[in-house]
1. When the stretch 474-520 is examined, which residues are found to be touching a residue at least 40 places away in the same chain (Cβ under 8 Å) and outside any helix (DSSP H, G or I)?
2. Conditions first: (1) under 28 Å from Ser328 (Cβ atoms); (2) more than 22 Å from the chain's Cα centre (by Cα); (3) surrounded by fewer than 17 Cβ atoms within 10 Å (Cβ to Cβ). Ser483 passes all but one, so which condition is the exception?
3. Looking at the stretch 331-358, which of its residues are touching a residue at least 40 places away in the same chain (Cβ under 8 Å) and among the β-branched types (Val, Ile, Thr)?
4. Every residue in the stretch 319-330 that is surrounded by fewer than 22 Cβ atoms within 10 Å (Cβ to Cβ) and either in contact (Cβ under 8 Å) with a residue 60 or more places away in the chain or farther than 20 Å from Val371 by Cα (or both), please.
5. List, please: which pairs have Cβ atoms under 8 Å, are six or more places apart or on different chains, and start with a residue in the stretch 151-164 that is under 16 Å from Pro141 (Cα atoms) and end with one that is assigned to a loop (DSSP other than H, G, I, E, B)?
6. Of the residues Thr63, Thr47, Thr68, Thr23, only one is of a type in the set (S, T, N, Q) and in contact with a helix residue (DSSP H, G or I) (Cβ under 8 Å, 6 or more places away or on another chain); which?
7. Considering only strands (runs of 3 or more DSSP E) fully contained in the stretch 1-105, which possess at least 1 residues that are buried (at least 22 other Cβ atoms within 10 Å of the Cβ)?
8. Inspect the stretch 210-217 for any residue being of a type in the set (Asp, Glu) and either closer than 30 Å to Phe472 by Cβ or without any contact (Cβ under 8 Å) to a residue 24 or more places away in the chain (or both) and give the result as yes or no.
Amino acid sequence: MTTPLVPRRSAVRVWAGVDQGTTSTRTNLYDDDGRCVATASRPSVTTHPNPGWDEQDGNALVTAIEETVREAVASVPGAELAGIGLANQGESIIAFNRRTGEPLSKAILWSDRRAGTVVDRIAATPAAAGIEEITGLRLDPYYSAARIAWMLLNLPEVAAAAADGTLAISTLDAFYIHRLAHGAYVTDPSTGSRTQLMSLDDLQFDAQVAAAFGIDVELLPRMVDTVFTEPLPTTLGAPLYASAADQLAALAALGAISPGDTKMTYGTGCFIDTNVGPAPRRPGHGLMSTYGWTVPGEPKAWAIEGGVFSAATAVDWLVRLGLADSASHVAELAASSEAATDSGLRMQHPLFLPSFTGVGAPWWRADAAGVLNGLRASTDRFDIAYAVLDGIAHRVADVIDAVDAELGAPAALRADGGLSRNRVLMQRQADLCGRPVAIADHHDNTAAGAAGLAAIGAGELDLAGLAARVKFTHTVEPTLPESQRALERERWREFVESTTSLEPSALIDAAHRRIDERKQ
């Protein structure tokens, strides 16, 4: 009797793109042709111990990476994990024990505002101008340096570890790599450029800048290329070939690999990045300089960026208030508002400034809070839903105006991220920018970029091949007459500038002045 032969299942080679973001940890698997064949995600829990404080648990984030990689691989029969690419939150930081890898603090997120006093103190010193010149970044608590300084000053366990030589304090990528790659302690320039500690000119952490913040540069990770010259063995079943800040991984995956290419990623915030070529650029117009990537055999890539810090956060806020059932419901409500179809009524419609964590480019107001203006007894949830989406679109248009001014020509716009599925928002975006917006078919391009960079590191792909994978089968055309667009944009600018006096710190200062005047 002969035993029947069982057909052998052929292996499916896959590349993992890990997107450890603010609201979730997601691992997508891509085959050799760039098709997404599996996905797994875990929500991230953010706590707010004080107003303006945003924290996450570092151990939970590492566990989420481990679980999503294993779940995604297990869901594909015959999957052979060839390599991993990691994308991280950018400016978020954590302190941990260099020997054990255990956190000494919560992860303090990019959106956290607690380090404003650190920034105010440094801004009043002669070192301020040098910091901005060396790093290309204006002083703001958005960047990592001020929060690292805050930790060293305010967390005794962190200060004690610094004193006994066991402290590592870094952006989250270095923490994940340390935990998952057998103690390696490295970061890359795309993330390093977001710390306000890296020199634009030599792509290294600058000792002079670090000292101005009270930081010993030896506490920081070693800088390596975005695509590693040597892959790092990991505990996840495959080597780590690349690591990048989330927005720059998305920039590559969206095909923005030539100077002038611009992308808008709509996530927790919306971040607009423009490739500016192989040389660092210190932009004006309220934009920041950021490093793109270092890829073997390719020119260095630099970018300029502007951030809208509250995008999906503002939509989720409506859901938490009970005004909508879900993010998609917000879009349905907004589409039913009279302002969605009547431009005349729109000029009387409420305006919403989505600034839960300050206002970024081009305004840069760290103390700003959200403002909802123009309420009437007739205002309903349809109007408020529209105002929130309209406010996001206006804030993105603010950044696009700055990019246009910097480039000296209108940028061609491509969009991705969860909110790029929102038809009302995308129509407003095209209308307020006065040009078409190409919507990427695949919305998880941060993960796609991380996986693609890993394949490049393994010699299986090049940058042009990664860029060629993106597809834009839907483009939203503007429908708003130019005269109406100009009027709506000017009304918006007047609104934003008028809210300066409504910032919490400004209101408190004004109250103190009034009381002092009455005492005199």
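1. Val476, Glu477, Pro478, Thr479, Leu480, Glu503
2. For Ser483, the failing item is (1).
3. Thr357
4. Leu323, Asp325, Ser326, Ala327, Ser328, His329
5. Met151/Ser105; Leu152/Gly214; Leu152/Ile215; Leu153/Gly214
6. Criteria check complete, one pass: Thr23.
7. 12-20, 24-30, 79-88, 93-97
8. no
The values are calculated or read from the model by the stated rules, or taken from the named source; none is laboratory data. Fair warning: this is a prediction, and the values are worked out from it, not measured in the lab. In this analysis, Cβ positions are derived from the backbone assuming ideal geometry, glycine residues included, and neighbour counts consider all displayed protein chains.
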